[in-house]
Structures are given as C-alpha cells and as structure tokens.
1. Working only within segment 1-35, note down all residues that are within 17 Å of the chain's Cα centre (by Cα) and of a type in the set (A, V, I, L, M).
2. Could you list, in sequence order, all residues of segment 15-33 that are part of a loop (DSSP other than H, G, I, E, B), modelled with pLDDT of 90 or more and of a type in the set (G, A, S)?
3. For the structure I just gave you, tell me whether I89 is in contact (Cβ under 8 Å) with a residue 24 or more places away in the chain, touching a Pro at 6+ places or on another chain (Cβ under 7 Å) and among the hydrophobic types (A, V, I, L, M, F, W, C).
4. Has segment 87-106 got at least one residue that is part of a loop (DSSP other than H, G, I, E, B), of a type in the set (A, V, I, L, M, F, W, C) and surrounded by 14 or more Cβ atoms within 10 Å (Cβ to Cβ)?
5. Quick one: would you say G54 is over 14 Å from the mean Cα position of the chain (by Cα), under 22 Å from Y152 (Cα atoms) and modelled with pLDDT under 90?
6. Inside segment 1-43, can you point out the residues that are hydroxyl-bearing (S, T, Y) and open to solvent by less than 50 Å² (accessible area, probe 1.4 Å)?
Amino acid sequence: DRPYDSAGGTFVSVRRRADDVRLARDGFRRDGELPLDPARDVALATEAALRQPGLRDVPLDEVKLSVSLLGEPEEVELGGIDHERYGLIVRGVGVLDRVGAALPNAPHYDDEIQQYRYARTVAAGFSAHEPTRTFRQPVVRDIEPGEDWPPYGAPPAGPDVLFDAPFA
C-alpha cells in the first residue's frame, strides 16, 4: 500500500489474541548483504516465527501478527538517542564487531541512558572499556488489521506534540 523501509531488518511477532502473550518472534537484521525486498523479508520472517516451538499446537485463529520494519541505521552521538522514537544499535569497533540492539519505547527502560545500557551491556555484552559506535534507526510496526497491540517496542502512535506541533 506504500513504500516501506526495511533497510535495517524485519521482525514478525506472534501473540495470543486472548491475553496478548507473545508466543514467538523471529526475523533478522540487515547489513546491506542482499537487495532490499520488504515483501520477501516479511515472508521469511513470518515463516521463521511460525516455526517456533511455542506455536506448534496453537491454532492460527487464536493468534495475531505484527511486523516491525527497521529503517536505515544512522550513526549518532549519544546525545542523539531518542528512546521513544528510534531503535538503537550499539556496534563494536574493529575486531569487536558485535551488535546490541534495543527497540524504542520498551517497558524495561525509561530514558535514553537505560536504552543505551540495555543495547550495550544486556544485548551485546560490551564491557565498559570496549570501543563502540552508536546508531539509531526508525521502526515502523504494522499490525494485523482489526487487532490491537501493546504500545511498547515501537514509537508512540499518533503525533508527537513536542516534535509535530507548529511553533506560534
């Protein structure tokens, strides 16, 4: 229905309709290794999510799906992190080239410092003295029509009054 940016990756999440419990999530981050093809990427991520062991005995009519499309990463200084509007990537430098990531607006951190710490230490396991680079990336979540979804893991829905309001 419109162009989608999945330059940074694609993930599919499966939740039980009755109680919103996440049963599976799968997908992949992209580093430019293949040409962009959002339809193919969604199909591959969906197939991988539906193969998860937690879904083997669950009828498909009892689950709902969402797709998270991760946009092109943009390198930022630490002051450029915006935990409510962007996902975060912390990447090692040189031989330490491992990656930690954190979605925006997640329930286990309340600000940019906590999002950065999560991506750096929990997700990637960097020590305090290992050099890293920091990237932010837009995240778009598309939910199965007619379904609702927990608000965390994607930017808040609707306009941001601080960023989108005209100045008088």
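The values are calculated or read from the model by the stated rules, or taken from the named source; none is laboratory data. For clarity, every value in this text was computed on a predicted model and none was experimentally measured. When we count neighbours, we look across all protein chains shown, and the Cβ atoms used for this are built from the backbone with ideal geometry, even at glycine. Areas reflect the complete protein model, heavy atoms only, side chains present, ligands, DNA and RNA absent. Shrake-Rupley method; radii C 1.70, N 1.55, O 1.52, S 1.80 Å.
1. Of everything in segment 1-35, those that are within 17 Å of the chain's Cα centre (by Cα) and of a type in the set (A, V, I, L, M) turn out to be A7, V12, V14, L23, A24.
2. Here is the first cut: in segment 15-33, the residues part of a loop (DSSP other than H, G, I, E, B) are 17-21, 30-33.
Checking which are modelled with pLDDT of 90 or more leaves us with 17-21.
Passing the criteria: only A18.
3. Working: in contact (Cβ under 8 Å) with a residue 24 or more places away in the chain: yes; touching a Pro at 6+ places or on another chain (Cβ under 7 Å): yes; among the hydrophobic types (A, V, I, L, M, F, W, C): yes.
For I89, the condition - in contact (Cβ under 8 Å) with a residue 24 or more places away in the chain, touching a Pro at 6+ places or on another chain (Cβ under 7 Å) and among the hydrophobic types (A, V, I, L, M, F, W, C) - is met.
4. Residues of segment 87-106 part of a loop (DSSP other than H, G, I, E, B): 93, 97-98, 103-106.
Subsequent filtering for residues that are of a type in the set (A, V, I, L, M, F, W, C) retains 93, 103, 106.
With surrounded by 14 or more Cβ atoms within 10 Å (Cβ to Cβ) added as a condition, the list becomes 103, 106.
The answer is yes, given that some residue of segment 87-106 is part of a loop (DSSP other than H, G, I, E, B), of a type in the set (A, V, I, L, M, F, W, C) and surrounded by 14 or more Cβ atoms within 10 Å (Cβ to Cβ).
5. Numbers: over 14 Å from the mean Cα position of the chain (by Cα): yes; under 22 Å from Y152 (Cα atoms): yes; modelled with pLDDT under 90: yes.
Yes, satisfied.
6. Narrowing segment 1-43 to residues hydroxyl-bearing (S, T, Y): 4, 6, 10, 13.
Listed by number, the residues that qualify are S6, T10, S13.
Okay, residues lined up against (1) under 29 Å from S127 (Cβ atoms); (2) of a type in the set (D, E, K, R); (3) in contact with a His (Cβ under 8 Å, 6 or more places away or on another chain):
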site	(1), (2), (3)
R16	no, yes, no
P59	no, no, no
V93	yes, no, no
H108	yes, no, no
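Residues checked against (1) among the hydroxyl-bearing types (S, T, Y); (2) under 23 Å from D148 (Cα atoms):
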site	(1), (2)
D5	no, yes
G9	no, yes
R17	no, yes
D20	no, yes
D31	no, no
L50	no, yes
S68	yes, yes
E72	no, no
E84	no, yes
